[in-house]
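The values are calculated or read from the model by the stated rules, or taken from the named source; none is laboratory data. Here the structure is a predicted model, which means the values were calculated and not measured. Methodologically, a virtual Cβ is constructed for each residue, glycine included, from the backbone with ideal geometry; neighbour enumeration extends over all protein chains shown. These accessible areas exclude ligands, DNA and RNA; they are computed on the full protein's heavy atoms, side chains included. Shrake-Rupley method; radii C 1.70, N 1.55, O 1.52, S 1.80 Å.
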Amino acid sequence: MHRVDIDNERDTMEQPPSPAAEQTLFERRKGRLASKFMLVNISSNLLLAYQSLGVVYGDLGTSPLYVYRSIFVGKLQNYQTSEAIFGAFSLIFWTITLIPLLKYVFVVLSADDNGEGGTFALYSLLCRHAKFSLLPNQQAADEELSAYKYGFSGQSTSCLPLKRFLEKHKKSRTVLLVIVLLGACMVIGDGVLTPAMSVMSSMSGIQAATEHLSHGGVLILSCIILVGLFALQHSGTHRVGFLFAPIVTIWLISIFLIGLYNTIFWNPKIVSALSPYYIIKFFKETGKDGWVSLGGVLLSIAGTEAMFADLGHFTATSMRIAFPFFVYPCLVVQYMGQAAFLSKNIDSIPNSFYNSVPDSVYWPVFVIATLSAIVGSQAVITATFSIVKQCNALGCFPRVKIVHTSKHIKGQIYVPEINWILMILTLAVAVGFQDTTLIGNAYGLACMTVMFITTFLMALVIIFVWQISVAFATSFLLLFWLIEGVYLSSAFIKIPQGGWVSLVLSFAFLTIMFIWHYGTRKKYNFDLHNKVPLKWLLGLGPSLGIVRVSGIGLIYSELATGIPAMFSHFVTNLPAFHSVMVFVCVKSVPVPFVSPEERFLIGRICPRPYRMYRCIVRYGYKDIQRDDGNFEDLLIQSIAEFIQMEAVEPQLSSSESPSFDGRMAVISTRSVQSSSTLLVSEENFGTCSSIQSSKSLTLQSLRSACDDENPQMRRRRVRFRLPENPGMDPAVRNELSDLIEAKEAGVAYIMGHSYVKARRSSSYLKKLVIDIGYSFLRKNCRGPAVALNIPHISLIEVGMIYYV
């Protein structure tokens, strides 16, 4: 009896749990995983919010150094009363509340493009939801990218008339691009003006405390600090963020405590100035002079655009944590404390911040203020690098060196050429003006112009991307344009008093961008209209009328379809060509990033015996084209995968699949690496792997010399072979065998070395732009082979003259 009970108990224990128990267990595990993920996500955002203090909010956080001094200049010096101080603080409070907090934190940060921000991110969103783009070589297959579909789907009927109008008129699309470029140029202008403004303002404290230090001495110290700041940029945003974040944190806490002390000690009634009633009272008293002083008020929000422009370095959530809960209260309390102090010490307005600091903490605050001013410049410098990279990817800026400074965060970059140009221009502004009031006039104009443009682009995003009613977008546009327009008009008044600098800088960069974009488009249109007819190739036969020698020729062109004229020029002047030809097009698409699984688009140009293929390599405007050394291997594997797919999937030729563009197929690198089409073996080899198997003694000696010069750079050599598969189609096997044999023979890169000239019948202005402007930029920027990481020893350049 006892044994039976044990057996029954054992049977009960071995019975499987009921479905209800399994469901409960699954929900518990799911809940634990969700809570762990939430904790990790929160901690990650908190860490990013902390880092953003050093990169994004440094400029905004140091504005109390010079705002009140900039407001009460000129004719407003006649209104230095406690009532005017109250009105100025009320203006500052509502300006910070309406624009950085309401507009940017709650609205603009929601308009990210796959996590990226800035004017080009808004433009990219618009180009994907309407045909606004002026980028060449765009294809229907690009719309199948996963990042391309980011945002709202569907189509609102209320915006169709406006959408059709903008799509129909090319001039309207050109105007839109110019507006975007103007915003980008103003951000670059900020990168010149912000360091000079912040550092010189902070250094004014040492002059106020020590009478023996002259203005020239302060200027020399400021220049030394500026040179050190730009020299530090190569370390990257990640390291700079961790280095600068503690400084800004201490600074914000310090100004918060000082502001709180001054409010309580000097004039607690300043709290009543939070009411907008004091703004009305301010303008009643000051009239037109008060309106002119708004150019100083807007400096309180200078640096706000960095929140959106630097979004790719962090996250929208981290920005929404840092600003409303930490930066905003610290700034409001500091401005309130300064106003309370000034209401009882009117004579201290010229040096309001340092005079409001208690004597016992003066020097520690001065040190922190100087360090924070250096940090304040970092926000706009970082934004400038991001803007230049985006302009370069969209064909609106000459090719420059892009250094990726973080292995983990894609958006963190450093541009050496731009960094040193900014340093030279910043030093020129500091030495040339030697007055923060004049620099502030230029600075304020640049900042408010960027905000004005962002408001306009946001209204278009609300209509075409978010697909909210046109009435709501119009209300948003009118509300913020009314606010920003008042500030912008005040800033324009001060163009003769230094404001012209931002206009000159923006016009110079805009001219460079427009000339480069114009020349690039003309060159592309020439290639497009002079393509080699496919009938001509078919008429020549598989041999193309020349000797086909073993090897692979990678022919680079900007054309996504057709055969470039360079190829016919090459074939008609040389008696031999490679047995396998691949026409490679490296292009940018209007998305921030393209995943490696979607990067390659492979197709065939002529029938199989020709052994001619096309490869389109797609990058987003934030992608970095790294030299990983495995491009050739990935390309061979992708072509092999395409050959295999073409044999088993007839729809490749009929374009029925949504992932194909004609006879082009998206080849995933993951499927390539896991595919059994080719067997791969690896061994270490030198840098000049593209000529490793050549039978030429000359090429072998070149390889040896190349390897001897670069002993530190050893790349892996990949060998391919066919698997033992009796069921493989003989034609497919022969084609794959030819591909492997050609790869073993070596790979050559063929590019056009173009000279772009204006036609003789062109206007004088066009000749000036093409023959002088565009030619100068092409000669002094990075070559296309360097930008594409093409090994110099394997490069063949074909000279071409483009008459556009």
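On inspection, N392 qualifies as part of a helix (DSSP H, G or I) and either over 30 Å from S44 (Cβ atoms) or touching a Pro at 6+ places or on another chain (Cβ under 8 Å) (or both).
Taking segment 789-802 as the range and being touching a strand residue (DSSP E or B) at 6+ places or on another chain (Cβ under 6 Å) and either open to solvent by 70 Å² or more (accessible area, probe 1.4 Å) or farther than 17 Å from Y518 by Cβ (or both) as the test, the residues that pass are I790, S794, L795, I796, E797, V798, G799, M800, I801.
So which residues in segment 135-151 are at pLDDT below 75 and surrounded by 15 or more Cβ atoms within 10 Å (Cβ to Cβ)?
Once the filter is applied, which keeps residues that are at pLDDT below 75 and surrounded by 15 or more Cβ atoms within 10 Å (Cβ to Cβ), segment 135-151 yields L135, P136, N137, Q138, Q139, Y150, G151.
Annotation note: Cβ proximity below 7 Å between a residue of segment 283-304 that is without any contact (Cβ under 8 Å) to a residue 24 or more places away in the chain and a residue that is aromatic (F, W, Y) and open to solvent by 40 Å² or more (accessible area, probe 1.4 Å) (sequence gap 6+ or interchain) occurs for no pair.
The residues of segment 169-196 that are of a type in the set (V, I, T), more than 15 Å from the chain's Cα centre (by Cα) and within 23 Å of L427 (Cβ to Cβ), listed by number, are V192, T194.
The set of residues from segment 87-120 being more than 28 Å from the chain's Cα centre (by Cα), open to solvent by less than 10 Å² (accessible area, probe 1.4 Å) and aromatic (F, W, Y) comprises just one member, F89.
Considered as a group, the residues in segment 296-343 that are in contact with a Gly (Cβ under 8 Å, 6 or more places away or on another chain) and hydroxyl-bearing (S, T, Y) include one that is modelled with the lowest pLDDT, and that residue is T315. If the condition is being part of a strand (DSSP E or B) and surrounded by 24 or more Cβ atoms within 10 Å (Cβ to Cβ), then segment 583-599 contributes F583, V589.
Going by the conditions given, is A393 surrounded by 24 or more Cβ atoms within 10 Å (Cβ to Cβ), touching a residue at least 24 places away in the same chain (Cβ under 8 Å), more than 26 Å from L229 (Cβ to Cβ) and within 31 Å of the chain's Cα centre (by Cα)? For A393, the condition - surrounded by 24 or more Cβ atoms within 10 Å (Cβ to Cβ), touching a residue at least 24 places away in the same chain (Cβ under 8 Å), more than 26 Å from L229 (Cβ to Cβ) and within 31 Å of the chain's Cα centre (by Cα) - is met. May I ask you to list the residues in segment 756-788 that are more than 19 Å from M513 (Cα to Cα) and at pLDDT 85 or above? Matches in segment 756-788: R759, R760, S761, S762, S763, Y764.
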